Amino acid sequence: MDTIDRQSVILALLGAEAAVAALMLVYQGFLLSALSAIGNQGSAAVKRPYRQAVLAALAVFIVADVTALGALGWLLGVDLFWVVVGASVLSLVTLLAMAIWTTMLLMRG
């Protein structure tokens, strides 16, 4: 039975986490532009879901960036393989939770 090369796994996780971080940055920009379009005429109750969604996108962005930095650290010689794999799973879970949560927040009307 062949085993998977750890370097291949780390390189794949590095690319995937960098892509997730980039997508979250774009999504956060979209939410911020929607929030700024509301302007001062919107009440705090109207703005609250957008602010919470921006914070959720920021949390996913931070987890993805830390995971990508861990993968880079492993490539530079620091033994962080299982930390990076675990952080990648955490990143996917937070991404899923953020997607469900922001959809529910913004669709509540």
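A short reminder: the numbers here are calculations on the coordinates, not readings from a lab. A quick note: this is a predicted structure, and the numbers were derived from the prediction, not measured. Here the Cβ is made from the backbone with ideal geometry for all residues, glycine too, and neighbour counts use every protein chain on show.
Over the chain, calculate the relative contact order: mean separation of alpha carbon pairs under 8 Å at least 6 apart, over the residue count, as a percent. It comes to 35 percent, rounded to a whole number. Only helices enter this figure: runs of n ≥ 4 DSSP H residues, each worth -39500 (n - 2.57), summed and divided by the residues of the chain, yield -30500 deg cm²/dmol at 222 nm to the nearest 500. Of the Cα atoms belonging to the chain, the radius of gyration and Dmax stand at 17.2, 64 Å. With both labels modelled 7 Å from their Cα along Cα-to-Cβ, the Trp82 to Val9 distance reads 1.1 nm. For the pair segment 1-36 / segment 51-91, the C-alpha centres are spaced 9 Å from each other.
In debye, nearest 20: dipole of the chain around its Cα centre with unit charges on the Cβ of K, R (+) and D, E (-)?
Numbers: 5 positive and 5 negative charges, 146 e Å.
Its charge dipole is roughly 700 debye.
When the chain is fully extended, how far beyond the present Cα-Cα distance does Trp101 get from Asn40, taking 0.36 nm per residue of separation?
Value of the extension gain: 19.4 nm.
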